[in-house]
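Notes to accompany the following structure.
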Amino acid sequence: MNSLIRSTARCLWSGAAVYLPRRADGRVWSGSARFLCAAADIQKDLGEMVKKDKVVVFMKGTPAQPMCGFSNAVVQILRMHGVDHYAAYNVLDDQDLRQGVKDFSNWPTIPQVYFNGEFVGGCDILLQMHQNGDLVEELKKLGISSALLNAEKESK
């Protein structure tokens, strides 16, 4: 019985939420996260998590309430491009997730952005891609038409 309790205690709530486009009343839909169990399984779980959605962000806080400037910048860049549907995982809710994602990507900082299961980078990389136009092209590969591209077409 004690081993069952100990193994159950190792299961950690990841604090993840999936954010979907705004509803007509302006609120954002969100869905509950899942459990991450045992440190050895975190890497496997992370591999599944980054492939579950086209765009995945591991951040401090949530898109509705980022808890650091770099996470806020990533949210704002995605918002400018009209990327409203993405999975966002709050690493502040789970220290194992926070360290696990750093180990998984071999990247020491948060936030971390993934497109179609591939690690893109952090805030600095996403900002650079936004500034040089590469983000529009990468989003197009995901089947996402950038709102900035659409706004440019409408202004002509």
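The values are calculated or read from the model by the stated rules, or taken from the named source; none is laboratory data. The structure presented is a predicted model; accordingly, all values stated were derived computationally and were not measured. So basically every Cβ, Gly included, is an ideal-geometry build from the backbone, and we count neighbours across all protein chains shown. Surface areas here come from the heavy atoms of the whole protein model, side chains and all, with no ligands, DNA or RNA. Shrake-Rupley method; radii C 1.70, N 1.55, O 1.52, S 1.80 Å.
The overall shape of the stretch 62-115 is prolate: from the C-alpha gyration tensor, with semi-axes ordered a ≥ b ≥ c, the ratio a/c is 1.5 or greater and a/b exceeds b/c.
Taking packing as the residue-averaged number of other Cβ atoms within 10 angstrom, the listed peptides 61-72, 78-89 run from highest to lowest as 78-89, 61-72.
Just the protein heavy atoms count here, and of the accessible area of the stretch 45-156 at 1.4 Å, carbon and sulfur take up 49 percent. The slack in the chain from Lys52 to Trp107, taken as 0.36 nm per residue of separation less the alpha-carbon distance, amounts to 17.8 nm.
For the listed residue pairs Lys44/Lys141; Lys102/Lys140; Lys102/Lys141; Lys54/Lys140, the alpha carbons are over 19 angstrom apart in Lys44/Lys141; Lys102/Lys140; Lys102/Lys141.
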